[in-house]
Amino acid sequence: MTTDVFDPAKRSAVMARVKSTGTTPEKTLRRLLTGLGARYRLHRKDLPGSPDLVMPGRRLVFFVHGCFWHGHDCARGSRVPKANRDYWLAKVARNKARDARNGAALTQAGWRVETIWECQMKDEAALVERLKENLSHGRGFSGTGEDL
């Protein structure tokens, strides 16, 4: 077991600065969707899980998940810190359970739910194609970057 390089007060301050909204991956997704001519709302608190981006007319929501925090099965997401291992395993398990509950509630309410993982942001071309596919299932999308 490794010891933390920070004292508990400093570690708390560092962890408190971890953002939940306005992250770089979220901003990237917003930029790509705007480039496709899509309109969206941010962080609707009245929906389960407060999705990162919401397209009410399309009944489509996007969650942008950090691989580590939400336990993605990529190299970064499957990594577990050596310090406080049991805490982190439980934390990520709770996050995954909450994500599943929120996704199920949204689906039950008639929403399409898309999860974009942090690691998927590396291949913007593939992500744009995926976004086009999702948008083409909604109403009024021409596929040319213009909403009709």
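Every number in this text was worked out from the coordinates using simple rules, so none of it is lab data. Note that the coordinates shown come from a computational prediction; the quantities given were computed from them, not determined experimentally. Cβ placement follows ideal geometry from the backbone for every residue including glycine, while neighbour counts extend to all protein chains displayed.
Summing Lys and Arg as +1 and Asp and Glu as -1 over all other residues whose Cβ lies under 15 Å from the Cβ of residue 78 gives a net charge of +4.
Fully extending the segment from residue 95 to residue 41, taken as 0.36 nm per residue of separation minus the present Cα-Cα distance, adds 17.1 nm. Cβ crowding within 10 Å, taken as a proxy for footprinting-reagent exposure, orders 119, 74 from fewest neighbours to most as 74, 119.
Convex hull volume of the C-alpha atoms in the stretch 20-136, normalised per residue: 106 Å³.
In this simple spin-label model, placing a label point 7 Å from the Cα along the Cα-to-Cβ direction at both residue 82 and residue 108 gives a separation of 4.3 nm. When only the Cβ of Lys, Arg, Asp and Glu is charged (+1, +1, -1, -1), the dipole of the stretch 20-136 relative to its Cα centre reaches about 300 debye. Share of antiparallel DSSP beta bridges in the stretch 20-136, in percent to the nearest 5? If we restrict to bridges inside the stretch 20-136, about 45 percent are antiparallel. Bridgeable lysines around residue 27 (alpha carbons under 30 Å apart, same-chain partners fewer than 8 residues away excluded): 10, 19, 45, 91, 96, 122, 132.
Panel order for 137, 72, 43, by other beta carbons found within 10 Å of each beta carbon, from fewest to most: 137, 43, 72.
Counted by Cβ distance under 13 Å from residue 94, the other residues give a net charge of +2, where Lys and Arg count +1 and Asp and Glu count -1.
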